[in-house]
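> Quick one: structure below, then a few questions.
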Amino acid sequence: MITITTKQEMQQLAKQHKTDGNSIGFVPTMGYLHVGHLKLVKEAKKNNDIIIMSIFVNPLQFGPGEDYKAYPRDPERDKQLAEEAGVDILFMPSPGNMYQNEKSIRMTVLRRTDTLCGVNRPGHFDGVVTVLSKLFNIIMPDRAYFGLKDAQQFAVVSGLVEDLDFPLELIPVETVREASGLAVSSRNVYLNEKERIQASALYKSLQKAKELINSGIQDIEAIICEVKDYMKANMEGDIDYVELLSFPELEQITVLKGKVIIAVAVKFSKARLIDNIIIDI
Ligand code: AMP
C-alpha cells in the first residue's frame, strides 16, 4: 500500500491507472477505521483492480458547534488496518491541500436535506457534496462505496452523481453491526459503558417497526410512536428524530408501499448516534 498526501500526486497516479486500463474502486472515509469501513473495502475488492481509500476529516461538513476538532483520529492505526484490508492507495490529504485556494464556487443541496440530519445540521450535506465532487475528480473512480448507515448521505450523493453526471457507479453497502445490534461507528468511542449497552435500543426499536410492518400494520404514526416508546423505555438518550419516509427520495408518505426508510437519531451525553433500516414493501 502506498500513502499519498497531496491531491496533485493523487490525481496524477489515478490518471496513470486509468491509462493502464485499471478499474478504480473508491472508499471515502473520515478515518478512525472500524469493521464498517473495512466491509466497504471488501466489497470494493470484488469488482475493481485498484482500491483507493481516502481519509479526510472534512472541515466543510462540520457545523460551528460540532466535533470537527474532537473527531477521533488515529492515522497510524488506520494505515495498518487499511493495508491489512487490501487497500492499494491511501489518500490522506491535509485540509490546506484539499482547500488550497479561496473558494469560487459554493454547492447547495436542494433536495433530500430538509429532513432527518439535514434539519439540525444546516450546511452539512453542502460540505459533503463539495468534498465528494473534489474527491471524484481527483480519484476518478469507476465505483464508489458508501454505507447505508448514512442512508441520507447515500440519497444525497445519488442526487449529486445524477445531477452532475459523474461517470461512476455508487454502490450501497449494508450496515455492519455489533452483536447487540448497535451500528458500528467511529463516534461510538464517545459512549460510556452504560450508554453503549443502551444504544442497542436504536436497532431494536427499528426491528420492532419492521415486525409491525410485516404484521400488516399500515398506520405510520402508530409505528413511529411504538419506536419512540421502545427507545424511551430502554435508554436515557434524547430522541432527536424518528421518521418513516420514502427511500431514496426521503419524502413524507401516507401509504406504506415500495422502498421506505425508518431512521432514528439519538443524543447521548457526548455522542449523537444515527441508525436506520430500509424495507421494500
Ligand atoms: P465515515 O468515516 O463515518 O464518514 O464513514 C465512511 C463510510 O463508511 C461511509 O460511507 C459510511 O456510511 C460507512 N460506514 C460507517 N459506518 C458503517 C457501518 N457500521 N457499516 C457499513 N458502513 C459504514
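> What shape does segment 97-176 have by the C-alpha gyration tensor, where a ≥ b ≥ c are the square roots of the eigenvalues, rounded means a/c under 1.5, and otherwise prolate means a/b greater than b/c and oblate the rest?
Because a/c hits 1.5 or more and a/b fails to exceed b/c, segment 97-176 counts as oblate.
> Report the label-to-label distance for S269 and V189 in nanometres (one decimal), using points 7 Å from each Cα along the Cα→Cβ vector.
My value for the distance between the label points is 1.8 nm.
> I need to check one value: relative contact order of segment 140-281, counting alpha carbon pairs closer than 8 Å and at least 6 residues apart, in percent.
22 percent.
> On to the next question. Set Lys and Arg Cβ to +1 and Asp and Glu Cβ to -1, take the dipole of the chain about its Cα centre, and tell me which of S186, F146, V161 lies farthest positive.
It is S186.
> Taking a 1.4 Å probe, which of D229, D280 shows the most accessible area, and what order do the others take after it?
Result, largest first: D280, D229.
> What list of ³J(HN,Hα) values in whole Hz, one per residue of segment 119-129 in order, does the Karplus curve 6.51 cos²θ - 1.76 cosθ + 1.60 (θ = phi - 60°) give from phi, with Gly and Pro shown as x?
5, 8, 10, x, x, 4, 6, 4, x, 5, 5
> Separate question: For segment 256-270, in order, what is each residue's ³J(HN,Hα) by Karplus, 6.51 cos²θ - 1.76 cosθ + 1.60 with θ = phi - 60°, in whole Hz (x at glycine and Pro)?
Values, residue by residue: 7, 7, x, 8, 10, 10, 10, 10, 10, 9, 9, 9, 9, 4, 10 Hz.
> With the cut-off at 1.5 for a/c, could you classify segment 135-223 from its C-alpha gyration tensor as rounded, prolate or oblate?
oblate
> Write down the percent of antiparallel bridges among all DSSP beta bridges whose residues are both part of the chain, to the nearest 5.
So the antiparallel bridges in the chain amount to around 50 percent.
> Please compute the modelled spin-label separation between D20 and K232, points set 7 Å along Cα→Cβ, answer in nm with one decimal.
In this crude spin-label approximation the distance works out to 5.9 nm.
> Further, regarding this structure: Any idea of L182's accessible area? Nearest 10 Å², probe 1.4 Å.
Number for this one is 10 Å².
> By accessible area of protein heavy atoms, probe 1.4 Å, what ranking do E251, E162 get, highest first?
Greatest to least solvent exposure: E162, E251.
> To the nearest 20 debye, what is the magnitude of the charge dipole of segment 193-281 about its Cα centre, counting +1 on the Cβ of each Lys and Arg and -1 on the Cβ of each Asp and Glu?
Dipole about the Cα centre, nearest 20: 280 debye.
> Right, another one. Note down the accessible area of E243, probe 1.4 Å, to the nearest 10 Å².
40 Å²
> Could you tell me the accessible area of M30 in Å² (1.4 Å probe, neighbours in place), rounded to the nearest ten?
Near enough 40 Å² of accessible area.
> Working with all protein chains in place, sort C117, C225 by solvent-accessible area computed with a 1.4 Å probe, largest first.
C225, C117
> Before anything else, pin down the relative contact order of the chain: Cα pairs under 8 Å, at least 6 apart, normalised by residue count, whole percent.
18 percent
> Further question on the same structure: Using the crude model of +1 on Lys and Arg Cβ and -1 on Asp and Glu Cβ, and no other charge, please compute the dipole size for the chain relative to its Cα centre, in debye to 20.
Computed about the Cα centre, the dipole is about 360 debye.
> Next question. To the nearest 500 deg cm²/dmol, what mean residue ellipticity at 222 nm is calculated for the chain from DSSP H runs of n ≥ 4 alone, each contributing -39,500 (n - 2.57), summed and divided by the residues?
-12000 deg cm²/dmol
> Straight distance only, please: which lysines reach the Cα of K7 with their own Cα at less than 30 Å, same-chain residues fewer than 8 apart left out?
Hits, sequence-local ones excluded: K15, K18, K39, K42, K45, K46, K69, K79, K103, K134, K149.
> Please list, ordered by chain and number, the residues whose modelled amide H lies under 5 Å from the amide H of T175; skip anything fewer than 5 residues away on the same chain.
For T175, the qualifying residues are L148, K149.
> Which whole-Hz couplings ³J(HN,Hα) result when phi for each residue of segment 157-170 is put into the Karplus expression 6.51 cos²θ - 1.76 cosθ + 1.60, θ = phi - 60°, listed in order with x for Gly and Pro?
Values, residue by residue: 5, 4, x, 4, 5, 5, 5, 9, 6, 5, x, 8, 9, 8 Hz.
> Using Cα atoms only, what is the angle between the long axis of helix 200-214 and the major principal axis of the chain, expressed in degrees (0 to 90) to the nearest 10?
Taking the Cα atoms of the chain, the angle to 200-214 is about 70 degrees.
> Dipole of segment 2-173 (Lys/Arg Cβ +1, Asp/Glu Cβ -1, origin at the Cα centre): which of H17, G36, Y68 lies farthest to the positive side?
My answer, from the dipole projection, is Y68.
> Can you tally the lysine pairs in segment 186-280 where the Cα-Cα distance is under 23 Å and the two residues are eight or more apart, or on different chains?
Count of close lysine pairs: 28.
> Just add up the charged neighbours of F91: K/R +1, D/E -1, any other residue whose Cβ is under 10 Å from the Cβ of F91.
Result for the local shell: 0.
> Here is a follow-up. Please work out whether segment 2-173 counts as rounded, prolate or oblate from its C-alpha gyration tensor, where a ≥ b ≥ c are the square roots of the eigenvalues and a/c under 1.5 means rounded, while otherwise a/b larger than b/c means prolate and anything else oblate?
Because its axes are fairly even, with a/c under 1.5, segment 2-173 counts as rounded.
The values are calculated or read from the model by the stated rules, or taken from the named source; none is laboratory data. A quick note: this is a predicted structure, and the numbers were derived from the prediction, not measured. With ideal geometry, Cβ positions are generated from the backbone for all residues, glycine too; neighbour counts draw on all protein chains shown. SASA here: full protein model, heavy atoms, side chains in, ligands and nucleic acids out. Shrake-Rupley method; radii C 1.70, N 1.55, O 1.52, S 1.80 Å.
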